[in-house]
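J.: Just passing along the structure, written as structure tokens.
The values are calculated or read from the model by the stated rules, or taken from the named source; none is laboratory data. For clarity, every value in this text was computed on a predicted model and none was experimentally measured. Methodologically, a virtual Cβ is constructed for each residue, glycine included, from the backbone with ideal geometry; neighbour enumeration extends over all protein chains shown. Only protein heavy atoms, including side chains, enter the accessible area calculation; ligands, DNA and RNA are left aside. Shrake-Rupley method; radii C 1.70, N 1.55, O 1.52, S 1.80 Å.
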Amino acid sequence: MRSMLFVPGDRPERFAKAATSGADAVILDLEDAVMPERRPEARAAIAGWLAATGRTVPAWVRINPVHTPDALLDLAAVVAARPDGIVLPKARDAADVHRADHWLEGLEAHCGFAHGGISLLPLITESAGALLKAASFTSLPARVAGLTWGAEDLAADVGAARNKTADGEYELTYAMARSFCLLAAAAAGVPAFDTVDTEFRDAAAVERRARDSRRQGFVGKLAIHPAQVAPIHAAFSPTADEIAWAERVLAAFRAAPGVGAVAFEGGMLDKPHLRQAERILAAAGRG
């Protein structure tokens, strides 16, 4: 999933538009985008749309944090309609992720679904406490399909006026949170997805920042507006030059089976370069 596009759960007239935006997945939101008093109707709208729609893209639901009363109500309302996954916000540590997994296991059994069929994507740095416990997120339930992070709630939690410099780059605290997400995902053996970009009118800026995300190791990015989808996809799709390089690397290693390092175009490559080439070809659909 290069892109996952948020849509407010209380705006059902936008669901179909989000699903046909070109995004690789949609996230129907029950948390920040929906006022508490509107959550019951949002749950019903999401469940109805999931149950009635022949989905063309994966549909995920962002529930409320597990330490709030709304979380289990959210899950109980939508699981029967079989979303592809649940986005878990404000996870304080791995115990919150395991708690959501336990709830999903019970609801899947109640609905007659296979265990683990509904995936889970935790947001792991939305509070100072969660950031300090980032290492706990390396031990995760099998249904966890990746990790992502958030900068806006973290800024509110620490009392920051803003989380970016005048140049639009993340301040140290948030750059550190981003890195911790990337490292925790790598240690857990799951993909890392970069957080949302609040800019959507400047497609070139969105693509530039998304390319930086991919360069650092993220496999995709959350989106808040359909206009962000195309530049995100452009950033996370390997270029022709990258594909050609990866194919040459693969050919070099195949020509020298059983060797850990090979001569390549005036230099030497070893197994990390091979893994990088394999990831590029997989992203291009040639793995």
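J.: Here are A234, A175, A204, A223: which of them is of a type outside the set (S, T, Y) and out of contact with any Asp or Glu (no Cβ under 8 Å at 6 or more places or on another chain)?
T.: Residue meeting the stated conditions: A204.
J.: Further question: Please work out which one of (1) under 25 Å from R178 (Cβ atoms); (2) touching a Ser or Thr at 6+ places or on another chain (Cβ under 7 Å) is the condition A19 fails and give its number.
T.: Unmet condition: (1).
J.: Can you name the residue in region 239-287 that is part of a helix (DSSP H, G or I) and more than 30 Å from R208 (Cα to Cα) and is also most open to solvent (accessible area, probe 1.4 Å) among such residues?
T.: Ranking the qualifying residues of region 239-287, first place goes to R254.
J.: Mind counting the residues in region 52-105 that are among the aliphatic types (A, V, I, L, M), outside any loop (DSSP other than H, G, I, E, B) and within 26 Å of A19 (Cβ to Cβ)?
T.: The total comes to 17.
J.: Now, a different point. Which members of region 156-166 meet the condition of being touching a Ser or Thr at 6+ places or on another chain (Cβ under 8 Å) and more than 14 Å from L123 (Cβ to Cβ)?
T.: V158, A160, N163 - these are the residues of region 156-166 that are touching a Ser or Thr at 6+ places or on another chain (Cβ under 8 Å) and more than 14 Å from L123 (Cβ to Cβ).
J.: For region 106-118, which residues satisfy the criterion of being in contact with a Lys or Arg (Cβ under 9 Å, 6 or more places away or on another chain) and in a loop (DSSP other than H, G, I, E, B)?
T.: F113, H115, G116, G117, I118
One line per residue, one yes/no per condition, for (1) open to solvent by less than 10 Å² (accessible area, probe 1.4 Å); (2) within 27 Å of D96 (Cβ to Cβ):
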position	(1), (2)
R11	no, no
T20	no, no
E31	yes, yes
V34	yes, yes
A47	no, yes
A51	no, no
R55	no, no
P58	no, yes
